[in-house]
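The values are calculated or read from the model by the stated rules, or taken from the named source; none is laboratory data. Bear in mind the structure is a predicted one, so any value in this text is a computation, not a measurement. No Cβ is skipped: glycine too gets one built from the backbone with ideal geometry, and neighbour counts run over all protein chains shown. Note: accessible area is taken over every heavy atom of the protein model, side chains too, but ligands, DNA and RNA are not part of it. Shrake-Rupley method; radii C 1.70, N 1.55, O 1.52, S 1.80 Å.
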Amino acid sequence: GDERFQSGGQVIVNRGFLEIATWTKVDEFEFPEDIQKGAYVPIRSIKLVESETEPPPFMTEAELIATMEKHGIGTDASIPTHIANICDREYCKVDSDTRCMRPTQLGLLLGHGYYKIDPQLVLPELRAYMESNMTAIAKGKANKDEVVKRVLDIFLEKFDYFVHKFFKMDAMFDHLYNNPVNMHGGKPFAKCGVCHRMMKLYQKKMGPPPKLHCEACKQQYVLPKGELKKTENTCPLSKFQVLKFATDNRQERSLKKTFPISPFEYNWGPSKVFDPERPKLGKREKKRSKKKSSGDANIDAAAAAAAAVEEAESYVYRNADGDVLDVEEINPDRLRKEMSCNRCWHAECELSAHNNAVKPCPKCNANGENRFYFVLDPMSGPQKWRICCNNPRCYNMVQISTHAPTFELDKQGAKCEKCSAKIIQIEFHKDAVPEMLVKDKKNPVNVHWSGCVFCSEMFTKYDMIDEIHFAQGGGFMGGKFVGGSRQAARAPYGQQQEQQQQEQQQ
């Protein structure tokens with residue numbers, strides 16, 4: 001055929017420096033003398049070897065120095081310093097055998113991150129521009145002050161742009177170091193509302209915020225730092241399993257602020273605003289692949305693009321069942337993040353603020369807007385029932401320390417005449433009934449009581465209430481009074497407010 005085969009060999013005639021550099025190995029292959037030009041060579045075997053294209057090797061130190069000199073970066077004195085700096089900062093490592101510069105994960109992340117935000121921060125042209133200007137200053141061809149001002153102006157604009165786009169770099173760091181896909185371990189914790197499989201929880205005490213990761217959906221859900229427990233409840237909007245969250249109150253470590261959380265709503269609050277990154281709810285249907293011609297494929301692609309534009313322009317919120325819901329009723333504050341169950345106003349959910357809001361928080365609603373409320377945590381009992389402000393930045397709360405199997409708002413919506421808080425219906429356990437409610441000491445039974453936990457003297461009299469209320473005149477903090485007068489400390493919550501108003505008027 002027309003195929004031409006070549007073969008060759010090498011033999012060391014004079015070892016030269018190899019006599020001293022004994023560690024250097026050179027492969028020798030002496031070509032057979034009996035093979036002459038035009039001779040026929042018998043073929044013993046034929047085999048086909050499969051291999052893959054390999055990427056080019058990493059640059060060596062010498063090649064990196066040559067490339068820097070080619071682009072006019074650095075001098076003979078500064079180039080070795082640059083290489084030493086990137087090695088000391090662990091952006092790359094030098095292979096001791098091949099002297100290749102191998103980039104680390106940190107180096108690759110920084111390089112890709114800078115390139116994604118501003119390519120000129122990575123490419124050599126900007127640094128070469130600076131070096132050429134410094135050379136011009138040294139030769140007397142450019143004014144130092146003008147060059148410094150021009151370069152500072154360039155980097156000031158780049159710094160402002162980089163700060164506004166830094167979220168891209170932050171997302172890349174989070175994806176590398178905090179992505180559950182790159183982590184090991186994790187325990188099955190809660191069910192996903194999309195695929196109905198168990199999601200794994202990745203949590204460290206001193207690490208980043210905990211995350212739930214669904215391996216089937218390839219989706220992760222960031223949760224707040226604190227104690228997380230599973231519940232048997234399911235969110236009626238997304239069908240995700242509800243979690244019980246608890247964290248220490250920063251104003252008083254002996255108290256805990258608790259509320260339920262749905263992982264999906266905490267990351268993607270119900271909203272009419274179109275967000276392409278928001279996962280779609282509902283059951284996934286397997287689509288059968290069909291062979292189509294190129295013309296059909298183009299038509300389908302155009303139809304899909306038009307549908308995407310239409311969806312973005314007229315986007316409505318649909319729950320997991322596909323029903324369109326009024327977002328203004330569910331999410332009146334138009335939250336996009338950090339929407340827990342005590343901030344959701346879905347009327348059909350027994351855990352929402354619609355069914356557990358007691359009264360507006362006096363601290364957060366001083367101007368009368370009534371945006372944040374004291375919301376009962378229906379999962380906090382039966383030993384300690386908590387009513388916490390649903391403002392994540394507020395630590396006002398009330399904790400009722402008593403054994404009560406039932407602790408719920410009045411179903412008729414009755415309110416207190418003094419403070420307008422909703423009436424609470426409580427069933428005290430027979431071993432924890434307050435003395436003023438005991439009917440028969442010999443035969444104790446559970447006792448039902450209804451009233452206002454803020455104004456009733458029973459809770460303060462029997463030391464069952466722990467309260468944090470920071471306002472003018474002082475208040476309780478972990479059962480201890482802070483600020484104000486001693487008379488206010490002994491008074492129930494409603495009377496404290498009346499005394500504070502009287503003090504303000506005086």
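Quick rundown of the values:
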{"quantity": "Every pair of residues 6+ apart whose Cβ atoms lie under 7 Å, when the first sits in segment 85-110 and is of a type in the set (Asp, Glu) while the second is open to solvent by 60 Å² or more (accessible area, probe 1.4 Å)", "calculated": "95/102"}
{"quantity": "Residue match in segment 377-385 (condition: in a loop (DSSP other than H, G, I, E, B), among the hydrophobic types (A, V, I, L, M, F, W, C) and out of contact with any Ser or Thr (no Cβ under 8 Å at 6 or more places or on another chain))", "calculated": "no"}
{"quantity": "Complete set of residues in segment 436-466 that are outside any loop (DSSP other than H, G, I, E, B) and either modelled with pLDDT of 85 or more or open to solvent by less than 70 Å² (accessible area, probe 1.4 Å) (or both)", "calculated": "436, 437, 447, 448, 449, 450, 451, 458, 459, 460, 465, 466"}
{"quantity": "Which listed residue, of 402, 406, is open to solvent by less than 40 Å² (accessible area, probe 1.4 Å) and either among the aliphatic types (A, V, I, L, M) or more than 27 Å from the chain's Cα centre (by Cα) (or both)", "calculated": "402"}
{"quantity": "All positions within segment 409-420 that are assigned to a loop (DSSP other than H, G, I, E, B) and surrounded by 14 or more Cβ atoms within 10 Å (Cβ to Cβ)", "calculated": "414, 416, 418, 419"}
{"quantity": "Every residue from segment 47-76 that is open to solvent by less than 80 Å² (accessible area, probe 1.4 Å) and in contact with a Lys or Arg (Cβ under 6 Å, 6 or more places away or on another chain)", "calculated": "60, 61, 73"}
{"quantity": "Residues located in segment 252-277, provided they are within 21 Å of residue 393 (Cβ to Cβ) and surrounded by fewer than 16 Cβ atoms within 10 Å (Cβ to Cβ)", "calculated": "253, 254"}
{"quantity": "Any chance residue 327 is β-branched (Val, Ile, Thr) and touching a strand residue (DSSP E or B) at 6+ places or on another chain (Cβ under 8 Å)", "calculated": "no"}
{"quantity": "Residue within segment 189-197 that is open to solvent by 40 Å² or more (accessible area, probe 1.4 Å) and at pLDDT below 90 present", "calculated": "no"}
{"quantity": "So residue 479, is it surrounded by 15 or more Cβ atoms within 10 Å (Cβ to Cβ) and modelled with pLDDT under 60", "calculated": "yes"}
{"quantity": "Failed condition for residue 214, given (1) touching a Gly at 6+ places or on another chain (Cβ under 6 Å); (2) open to solvent by less than 40 Å² (accessible area, probe 1.4 Å)", "calculated": "(1)"}
{"quantity": "Pairs with Cβ under 6 Å, 6+ apart, first in segment 368-387 and touching a residue at least 24 places away in the same chain (Cβ under 8 Å), second among the basic types (Lys, Arg) and assigned to a strand (DSSP E or B)", "calculated": "374/359; 377/386; 379/244; 380/386"}
{"quantity": "Segment 95-127 - residue that is open to solvent by 50 Å² or more (accessible area, probe 1.4 Å) and in a strand (DSSP E or B) and, of those, farthest from residue 56 (Cα to Cα)", "calculated": "103"}
{"quantity": "Test: residue in segment 56-67 that is under 36 Å from the mean Cα position of the chain (by Cα), of a type in the set (Phe, Trp, Tyr), closer than 30 Å to residue 25 by Cβ and part of a loop (DSSP other than H, G, I, E, B)", "calculated": "yes"}
{"quantity": "Every pair of residues 6+ apart whose Cβ atoms lie under 8 Å, when the first sits in segment 145-170 and is within 21 Å of residue 112 (Cα to Cα) while the second is open to solvent by 80 Å² or more (accessible area, probe 1.4 Å)", "calculated": "158/120; 168/116; 169/114; 169/116"}
{"quantity": "Any hit, segment 33-46, residues being in contact (Cβ under 8 Å) with a residue 40 or more places away in the chain, open to solvent by 100 Å² or more (accessible area, probe 1.4 Å) and within 30 Å of residue 7 (Cβ to Cβ)", "calculated": "no"}
{"quantity": "Leading residue by the ranking (surrounded by the most Cβ atoms within 10 Å (Cβ to Cβ)) among those in segment 77-94 that are in contact with a helix residue (DSSP H, G or I) (Cβ under 9 Å, 6 or more places away or on another chain) and of a type in the set (D, E, K, R)", "calculated": "93"}
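Conditions tested, residue by residue: (1) acidic (Asp, Glu); (2) assigned to a loop (DSSP other than H, G, I, E, B).
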| site | (1), (2) |
| --- | --- |
| 4 | no, yes |
| 8 | no, yes |
| 13 | no, yes |
| 17 | no, no |
| 24 | no, yes |
| 27 | yes, yes |
| 34 | yes, yes |
| 38 | no, yes |
| 41 | no, yes |
